[in-house]
Every structure is written in structure tokens, then in C-alpha cells.
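Novice: Mind looking over this structure? Questions follow.
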Amino acid sequence: MIKAILIDDEVHCIDTLSILISDYCPEIAVMDRCHSAKKGLEAIEKIKPELVFLDIEMPVMNGFELLEQFKQIPFSVIFTTSYDQYAIKAIRFSALDYLLKPIDPKELVTAVHKVQVQKMPPTIEQFQMLMEQIQHKESGFTKIAVPTAEGFELIPADSVVRCEADDNYSHLYLSNKNKITVCRTLKEMEEQLENFGYFIRVHHSYLVNLNEVTKYIRGEGGYLVMNDGSTVNVSRSRKDMLLNKLQPGRVQ
């Protein structure tokens, strides 16, 4: 069983999440339900949970401020939030997990599965990335955090040549010839890498680094030749978007 606590100032949200966990995630043992960040900190100290479901928007101390109380965070975190595009973007950037309210049972199961697969809590670097994004600071981070079966790896974003979809996982092919399999869908990888400006989805199964493209070969959709010698198919529906990126101002 995974020991968990729920932290949310809205009683109905905690009630709903408790029911969903009971119905869909029998591997989760809810040890406490806290209606403020202060109570949450006390429960974390007492219970030492493996997983915390943490609301972002709370009075007095919000979810991010709660995490700032720790030098090292020894538990996994799944954020819960109403729609806040900037917060969600920051969470995605640091490869952390969130659930959008009202919580969808399938998304809950997927998020819990990721926690089980990763086996280790997030790194302190991920939370540094998160907090600097939230505080609108220039983070200086040129790396991304990617969750693997062993935990997390931090890799330079520009070392990613291409990403390939494999159901709920993605394979990252790096410029040093290494391959990393991450516990993220290709859509999640696309959202995490979009801030860098040089990644583009060219096919439902492929995301590429434009700086690593050496050739485009014409065809119905055509295909790309990458710096590492690999080829990537381009879907017909994404062809024009790709060519506009490669040849800005071209006449169609």
C-alpha cells in the first residue's frame, strides 16, 4: 500500500478525491485529510507519507509555498488544481504530475500508476525548476527532467534529437547516441519541450528537434533525415506547418 495524505482547503474536493481513490486506486491508503497547508505540514511530519495530493490554490499558504518549507522532498506529489494555464505549464515543464478539477478517474489512475512506476520521489532540481517558473524568474535551466523507471534524469533539452511515441511511454534519442525511455506520452513531452521553441510534432508518433534536421525529402508527407542518420516520417497533415518552420516566409 502507498501511504498518502490529501491537502485541500475545499471540503467537497477532498471528499470527492477520497471517494475516487477508494473506488479506483485500492493500492492507496489515505492516512489523513488536511484542509490547510499548515495542517498538511503537521500531517507530513507525523505520517511521513509516500504520496501527497496537493491543492495549489489555498489561502494563507498555497501548495507551492508548502513545498518551499522542505530542503529535500521525500514524497511524491500529485498537484490538484482548477484551470490555471501558467501553473500547469510550470508543472509540465518540471515533469511533475497534476490532476485538473473536477478530477477524471482515468487521469487519477494514470497519475498514480506513474508514481508506482517511478519508485522514487522527484528530484530537488525539479522543484527548483518549478518554483523559478512559478516566480516568473529566468531559470537559466537548459535541462529538462524526465521520469524513467528508475527515477528521474536531467538532460540538456538541445541534446534530444527526436522523440518517438510508444503508447504511454516515449523514447528519447539523444545526440550522444543514447536512448532513454520515459514515463510520459508524446503529448506530454511536446508540452514540456514547447518552451524551447525548436521542437515540432511532425507525425502523431514523432517529435523532432529542428536544429537536428539535415534534410527534408519530398513525398506525400515526406520524411526528415536527422543529424544522427535516422529518418522520421512526416504526416501529410503536418507537412505545411513543418515547411513553414524550415522555410519562414515561403510562398505556398
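Novice: Please work out which residue is surrounded by the most Cβ atoms within 10 Å (Cβ to Cβ), limiting yourself to the range 33-56 and to residues that are of a type in the set (Asp, Glu) and under 20 Å from ASP97 (Cβ atoms).
Specialist: Step one: filter the range 33-56 for residues of a type in the set (Asp, Glu), giving 42, 45, 50, 55.
This time we only want the ones that are under 20 Å from ASP97 (Cβ atoms), so: 50, 55.
Details: GLU50: 18, ASP55: 26.
Among residues in the range 33-56 that are of a type in the set (Asp, Glu) and under 20 Å from ASP97 (Cβ atoms), the one surrounded by the most Cβ atoms within 10 Å (Cβ to Cβ) is ASP55.
Novice: Conditions: (1) among the aliphatic types (A, V, I, L, M); (2) in contact with a Pro (Cβ under 6 Å, 6 or more places away or on another chain); (3) more than 22 Å from PRO121 (Cα to Cα). ILE5 meets all but one. Number of the miss?
Specialist: Of the numbered conditions (1) among the aliphatic types (A, V, I, L, M); (2) in contact with a Pro (Cβ under 6 Å, 6 or more places away or on another chain); (3) more than 22 Å from PRO121 (Cα to Cα), the odd one out for ILE5 is (3).
Table: residues versus (1) of a type in the set (A, V, I, L, M, F, W, C); (2) farther than 20 Å from ALA145 by Cβ; (3) in a helix (DSSP H, G or I); (4) modelled with pLDDT of 90 or more.
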residue: LEU54; (1), (2), (3), (4): yes, no, no, yes
residue: MET58; (1), (2), (3), (4): yes, yes, no, yes
residue: MET61; (1), (2), (3), (4): yes, yes, no, yes
residue: GLN72; (1), (2), (3), (4): no, no, no, no
residue: VAL77; (1), (2), (3), (4): yes, no, no, yes
residue: ILE88; (1), (2), (3), (4): yes, no, yes, no
residue: ALA95; (1), (2), (3), (4): yes, no, no, no
residue: ILE103; (1), (2), (3), (4): yes, yes, no, yes
residue: GLU107; (1), (2), (3), (4): no, yes, yes, yes
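Novice: Could you list, in sequence order, the residues of the range 109-136 that are farther than 15 Å from LEU67 by Cβ and in a helix (DSSP H, G or I)?
Specialist: Pass one, the range 109-136, residues farther than 15 Å from LEU67 by Cβ: 109-120, 136.
Result: VAL109, THR110, ALA111, VAL112, HIS113, LYS114, VAL115, GLN116, VAL117, GLN118.
Novice: Sticking with this one: Restricting attention to the range 10-30, which residues are surrounded by fewer than 17 Cβ atoms within 10 Å (Cβ to Cβ) and part of a strand (DSSP E or B)?
Specialist: Scanning the range 10-30 gives a single hit, ALA29.
Novice: If you don't mind, there's one more thing I want to ask. Please list, ordered by residue number, the strands (runs of 3 or more DSSP E) wholly in the range 213-252 having 2 or more residues that are farther than 29 Å from ASN178 by Cα.
Specialist: On the way: elements: 213-217, 223-226, 231-233.
So the answer is none; nothing clears 2.
Novice: Return the total of residues in the range 153-167 being farther than 16 Å from ASP228 by Cβ and assigned to a strand (DSSP E or B).
Specialist: Residues flagged as farther than 16 Å from ASP228 by Cβ and assigned to a strand (DSSP E or B) within the range 153-167 amount to 4.
Novice: Can you tell me how many residues within the range 168-192 are modelled with pLDDT of 90 or more and either part of a helix (DSSP H, G or I) or charged (D, E, K, R) (or both)?
Specialist: So the count comes out to 6.
Novice: Test TYR173 against the criterion of being under 25 Å from MET120 (Cβ atoms) and among the aromatic types (Phe, Trp, Tyr), and give yes or no. It would help to see each step written out before you state the result.
Specialist: Numbers: under 25 Å from MET120 (Cβ atoms): yes; among the aromatic types (Phe, Trp, Tyr): yes.
Spelling it out, TYR173 is indeed under 25 Å from MET120 (Cβ atoms) and among the aromatic types (Phe, Trp, Tyr).
The values are calculated or read from the model by the stated rules, or taken from the named source; none is laboratory data. Nothing here was measured: the structure is a model prediction, and the numbers come from that model. Every residue, glycine as well, gets a Cβ built from its backbone with ideal geometry; the counts of neighbours run over all protein chains shown.
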